[in-house]
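All remarks here apply to the structure that follows.
The values are calculated or read from the model by the stated rules, or taken from the named source; none is laboratory data. Since this is a predicted model, take the numbers as computed values, not measurements. Counting neighbours? That spans all protein chains shown, and the Cβs are built from the backbone with ideal geometry, glycine included.
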Amino acid sequence: MKGSVLLPPGLKSRIINGLSSTELAIALFGILTIVAIPGTFTESRAIYSSPLFVSLLALMALNLICCSMKRWRSLAGSTLVLHGGVLVTLLGCVITSFGYVATVNVYEGTFVDEAFRWDLKRDAPFHMRLWVKQINRQYYPVPVRVGVLQGNEKYGLFTLATGESFELPGYRVSVTDFEPKNLRLVLVVHKGDGIVGTADTSGNSTLPLDFPYAFKLVSYKNPQLKRMWVDLQLSSDDKPPVSGTSEINAPFSWQGLCFYHTQTGTDGNGRSFAGIQIVKDPGRPVVFCGFAIMCLGAVLAFWRRFAQR
């Protein structure tokens, strides 16, 4: 027939047998493992989105499709479900290769509208403003010594930890928070079941003017950080702002983007900044779907073997 390509006798059968062979599957798995090793140690996503890696994934999928089609009459339903789950997972991995990772440092109280794209090796805009509204820190209880003045006279010295309280005549004083950056100790004064007011050792106070006591931070132990997170806001000219929080292992997610808080630091002038990693992974839901299908196939295979006993 005009325009058709004639293959030598037996070549088509050999190609199909080769593409559906177990040997090819084992070889592809070994090559994928070797290719992925550098990415594991360098934590670079570039390897997983490279044409070589994507081609190997596609070839592995083709091998599984050919194997399933050639043997589908003899394969159990649970095995076909497992194969389907693997194919969906491989599809998700290929889709993931079209995502990216970007990083940027943002000063507290400011915004940026571009970040460094590691796949492009340059700064690139992401069509929105990313604000770091506030960097939050939570510490384990900090042992402190609080001096109490009555007028100009020393009334007493109390040693306790944040979260605890001490007694004054007619009052109970709770040490609620300590900010080591500016050595600010926050206290709440109670009288009976009510709150009289708050005060801190930097001079701010909502206590009545005739309150007889004043407080001073005498000493403290270096605090240990318990938790750190950042308050983020995304905004653009044509959409209402969206707010959320991000911390290690708990990113802020919005429209397919995940914003991870990776670091916090200060520059030479003492200004605080937060390191933000922006990850776009369009194949993630597909991969999870593939895992779910494989789990279903495993359950069906177990049930089939159990039922045959």
Answer yes or no: is there a residue in the range 209-225 that is within 28 Å of the chain's Cα centre (by Cα), in contact (Cβ under 8 Å) with a residue 24 or more places away in the chain and outside any loop (DSSP other than H, G, I, E, B).
yes
Of all the residues that make up the range 191-207, how many are more than 12 Å from residue 144 (Cβ to Cβ) and either surrounded by 15 or more Cβ atoms within 10 Å (Cβ to Cβ) or under 32 Å from the mean Cα position of the chain (by Cα) (or both)?
6
Condition first: outside any strand (DSSP E or B) and hydrophobic (A, V, I, L, M, F, W, C). Now tell me which residues in the range 117-127 satisfy that.
118, 120
Out of curiosity, is residue 114 more than 34 Å from the chain's Cα centre (by Cα), assigned to a strand (DSSP E or B), acidic (Asp, Glu) and modelled with pLDDT of 90 or more?
no
Within the bounds of the range 253-262, is there any residue that is surrounded by 18 or more Cβ atoms within 10 Å (Cβ to Cβ) and assigned to a loop (DSSP other than H, G, I, E, B)?
no
Among the residues of the range 120-130, is any crowded, with 19+ Cβ neighbours inside 10 Å, farther than 30 Å from residue 159 by Cβ and of a type in the set (Gly, Ala, Ser)?
no
Among the residues of the range 234-252, how many are part of a strand (DSSP E or B) and either touching a Gly at 6+ places or on another chain (Cβ under 8 Å) or crowded, with 17+ Cβ neighbours inside 10 Å (or both)?
3
Out of the residues in the range 83-111 that are among the hydroxyl-bearing types (Ser, Thr, Tyr), farther than 19 Å from residue 245 by Cβ and not in a strand (DSSP E or B), state the one that is modelled with the highest pLDDT.
89
Number of the condition not met by residue 26 [criteria: (1) β-branched (Val, Ile, Thr); (2) modelled with pLDDT under 75; (3) loosely packed, with under 15 Cβ neighbours inside 10 Å]:
(2)
For the condition in the same structural domain as residue 290 (by TED's automatic domain parsing), modelled with pLDDT of 80 or more, more than 21 Å from residue 294 (Cα to Cα) and not in a loop (DSSP other than H, G, I, E, B), what is the one hit in 80, 52, 57, 64?
52
